[in-house]
Amino acid sequence: MTGLTPYFHFQGTARDALIFYADVFGGTVQLHTFAEFDRADGPPEAIAHGYLVDSPIALFAADVGGDEKAFRAEGLMLSLLGTGDATTLRRWFARLAEGGEVVDNLQVRSWGASDGQVIDRYGVLWLIGFEDDAEV
């Protein structure tokens, strides 16, 4: 694996978040519990390490344990600019908005490209955009 890969620490929602992201982006989920990792700093069924498999988007997540801090972001967004065709990116934007909040509608900009921002139901801010759109 190369490149930067986000690793989220969630407050008891890592399993749900990873299942949601696999449903949005494609792929399957690999999950390992605190019990499997012999961790006693949280519930045995909590996720100690999880990730997407065979997905065009790489990401990891875990539930916080002990004194770890849960994910919280200010001034940070994940960019999916040009990571798929226009149809795929439109679908991802719509799916990420389900249960979340559209910050800036996905739309054609004055420079000709399309982009928009959405905060998903887990508090992650995404910037999604593309250059070419056969639908315009």
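Every read-out reported here was derived from the displayed coordinates using simple, explicitly stated rules and does not represent laboratory data. On a predicted model such as this, the values are computed, not experimentally measured, just so you know. Cβ sites come from the backbone with ideal geometry, for glycine too, and all protein chains shown count toward neighbours.
Quick notes on this one:
- The chain, relative contact order [Cα under 8 Å, separation at least 6], %: 21 percent
- Compared with the dominant Cα axis of the chain, that is its longest principal axis, helix 14-25 is turned about 30°.
- Spacing of the modelled spin labels on Thr28 and His9, each 7 Å from Cα toward Cβ, amounts to 3.0 nm.
- Size of charge dipole - the stretch 7-63 - debye, nearest 20, with Cβ of Lys, Arg +1 and Asp, Glu -1, no other charges: 100 debye
- Label of the coordinate-derived value, mean projected area of the Cα convex hull in nm², listed as [x] 9.0; [y] 12.4; [z] 7.6: [x]
- Degrees between helix 86-97 axis and first principal axis of the chain (Cα, 0 to 90, nearest 10): 50 degrees
- Beta bridges per DSSP with both ends in the chain, % antiparallel, nearest 5: 70 percent
- Spacing of the modelled spin labels on Lys69 and Phe37, each 7 Å from Cα toward Cβ, amounts to 1.9 nm.
- Neighbours of Asn105, meaning other residues whose beta-carbon lies under 13 angstrom from its beta-carbon, give a summed charge of -1 when Lys and Arg score +1 and Asp and Glu score -1.
- Approximating the spin labels as points 7 Å out from Cα along Cα→Cβ, the Asp16-to-Val103 distance works out to 2.2 nm.
- Its Cα centre serving as origin, the chain has a Cβ charge dipole (Lys and Arg +1, Asp and Glu -1) of approximately 80 debye.
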